[in-house]
Amino acid sequence: MFADKSVNSIFPTSVFAFQLGDVDDFNAYLEGVVDAVRRDEGWDEKTLAGRKESLEHLQSNDLLHQRPDWARFCEVALAASRDVMKFLRYRYEDIGITSLWFNVSRPGYSHKNHVHPNNILSGVYYLRGDAEAGDIVFDDPRPQANVIMPDVAEATEFNTHAFSVTPKPGQLVMFPSWLAHRVAINRGNRERISISYNVMLRGNFGFPKAYA
């Protein structure tokens, strides 16, 4: 009946996942610098108990990339960022971290849907997490896509309306900063700790100007 057929994936939204080697050594380093920030910021149980109760995750300050003890993590974050930019075939002069922080999701905690404005890429690294600790969930960003949702015989990249990544220690996930995402409830019995960061292009980038 048909002489030929083609399928074109237009405007794809990519989520990138990296798995670090030598995870034990790297995560031992991260446990140390995370604990240092928790001490500096007064993350003791007495102080936390005095906060207004919320089931949203706890978050450090977002300037950790300015601390010398976080330089080792910054190197990994920037290496992943450059790898993504290479895959996307973008021209740019340089890329830099604009913000860096860690999140602590206690049992029963979650995080609402949000984006990271004024950045090009965002990343999250899992220091602690497992299948019950709460997936990061990316919902279909196309506003018209949910007008009709047929039942599916098998979920594929062409018919799904959400994509989830299960936390795994040593895994780093990167995505466009405009892509809305949320974190499911931590149904485990221990803290889920992730480290998040944003990056932005530096120097000249974008299309040439038609006029000055």
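Things to note:
- Filter result for Val76 (open to solvent by less than 50 Å² (accessible area, probe 1.4 Å), in contact (Cβ under 8 Å) with a residue 12 or more places away in the chain, at negative phi and assigned to a helix (DSSP H, G or I)): yes
- The listed residue being within 19 Å of Gln171 (Cα to Cα), among the small types (Gly, Ala, Ser) and either open to solvent by less than 20 Å² (accessible area, probe 1.4 Å) or in contact (Cβ under 8 Å) with a residue 24 or more places away in the chain (or both), out of Gly96, Gly123, Gly108: Gly123
Residue-wise test of (1) within 14 Å of the chain's Cα centre (by Cα); (2) charged (D, E, K, R); (3) closer than 20 Å to Phe26 by Cβ.
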position	(1), (2), (3)
Tyr92	no, no, no
Pro107	no, no, no
Ser110	no, no, no
Val137	yes, no, no
Pro141	no, no, no
Met149	no, no, no
Val152	no, no, no
Thr156	no, no, no
Val165	yes, no, yes
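- Annotation: of all residues in the stretch 126-137 being assigned to a strand (DSSP E or B) and among the hydrophobic types (A, V, I, L, M, F, W, C), the one that is surrounded by the fewest Cβ atoms within 10 Å (Cβ to Cβ) is Val137.
- When residues of the stretch 189-200 are limited to those that are out of contact with any helix residue (DSSP H, G or I) (no Cβ under 8 Å at 6 or more places or on another chain) and open to solvent by less than 20 Å² (accessible area, probe 1.4 Å), the one farthest from Pro141 (Cα to Cα): Arg192
The values are calculated or read from the model by the stated rules, or taken from the named source; none is laboratory data. Keep in mind that this is a model prediction, so the values were computed, not measured. When we count neighbours, we look across all protein chains shown, and the Cβ atoms used for this are built from the backbone with ideal geometry, even at glycine. Surface areas here come from the heavy atoms of the whole protein model, side chains and all, with no ligands, DNA or RNA. Shrake-Rupley method; radii C 1.70, N 1.55, O 1.52, S 1.80 Å.
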